[in-house]
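Take a look at the structure set out below.
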Amino acid sequence: MSSVAAAWKRLPWWVEPMSVVFVLTAFGLYSATIVLLYPGDSEQFPQYLSPFYSPPIGRPDWLPGFVTAPLFVLWIPLGFRATCYYYRKAYYRAFFWDPPACSGKAQQLDRPWAESTESYRGERALFVLNNIHRYFLYASFVVVAFLWYDAVLTFFPEGGFGVKVGSLIWVFNVTLVSAYTFSCHSLRHLVGGRVDCFSCVRGGNVRRKAYNGISRLNAKHPQWAWVSLFSLLLTDVYFRLISAGVIPDLTIIG
Ligand code: FES
């Protein structure tokens, strides 16, 4: 174990959930700000569309001004992350103390505030809305497909083929977002988690292979959640800097 990981483990238990909540909230505020206050920026990127504006869709004129076009898409990635099992664990602990931690009976003796598995009553009341996570997953497939489509377009800026650093950043970002999406616990369950016997169901061999692949991705789901979140932010900032002429977009082939 690296010294950084060892030092992280020595921190108080609440540091991790609070960090997750802080970063997730900052991400939500950043994305809401740019799509609410700067929706017109989507037309100022000559070659690249910021991932926050993809896919570009029209907006009926009769809508009130505060309803911007990117909002029609943003609810999907935000809802997907807000209902993600990994993020949920953090904000339940940090905001609601429900539970602050889990504990077996023996450990409860010195951690009386921890919730035992016997007293856990599932997700009720308002939290039952989290069960719509799988529908956010379906919608996210559409968004990811458009992100890949936009990634391909960056290699054909004016009809001809070319490779720039920005295109590679686009592909790298979509790869991370895809890894996060396809490592989802709900997807793993849908593909094979509820199957007791793969050889007994139609397409069992394919499902077993898909399940094994998703399980390998799923083992690193928290890491995919973090790196894809930061890559979205950095990609957006990078394209804004190019668009503003602050940095050049270096050409590799073209
Ligand atoms: S569980 Fe995290 S995205 Fe589905």
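Data for the structure
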item: Members of region 1-32 that are touching a Phe, Trp or Tyr at 6+ places or on another chain (Cβ under 6 Å) and either surrounded by fewer than 12 Cβ atoms within 10 Å (Cβ to Cβ) or not hydrophobic (A, V, I, L, M, F, W, C) (or both); result: S31
item: Residue list for region 66-102, restricted to those being assigned to a helix (DSSP H, G or I) and at pLDDT below 85; result: R88, K89, A90, Y91, Y92, R93, A94, F95, F96
item: Cβ pairs under 6 Å, 6+ apart, first in region 67-90 and more than 21 Å from A145 (Cβ to Cβ), second within 16 Å of the ligand (Cβ to nearest atom) and modelled with pLDDT under 90; result: Y87/L24; A90/P17; A90/V20; A90/V21
item: Matching residues in region 208-233 - criterion: being more than 15 Å from the ligand (Cβ to nearest atom) and surrounded by fewer than 16 Cβ atoms within 10 Å (Cβ to Cβ); result: K209, N212, G213, R216, F230
item: Selection within region 58-87 - within 22 Å of the chain's Cα centre (by Cα) and over 20 Å from Y30 (Cα atoms); result: Y85, Y86
item: Those helices (runs of 4 or more DSSP H) lying entirely in region 103-202 with at least 1 residues modelled with pLDDT of 65 or more and crowded, with 16+ Cβ neighbours inside 10 Å; result: 133-153, 165-182, 185-188
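The values are calculated or read from the model by the stated rules, or taken from the named source; none is laboratory data. Bear in mind that the values here come from a model prediction, so they are computed numbers and not experimental data. Cβ coordinates were reconstructed from backbone atoms using ideal geometry, including for glycine residues, and neighbour counts include every protein chain displayed.
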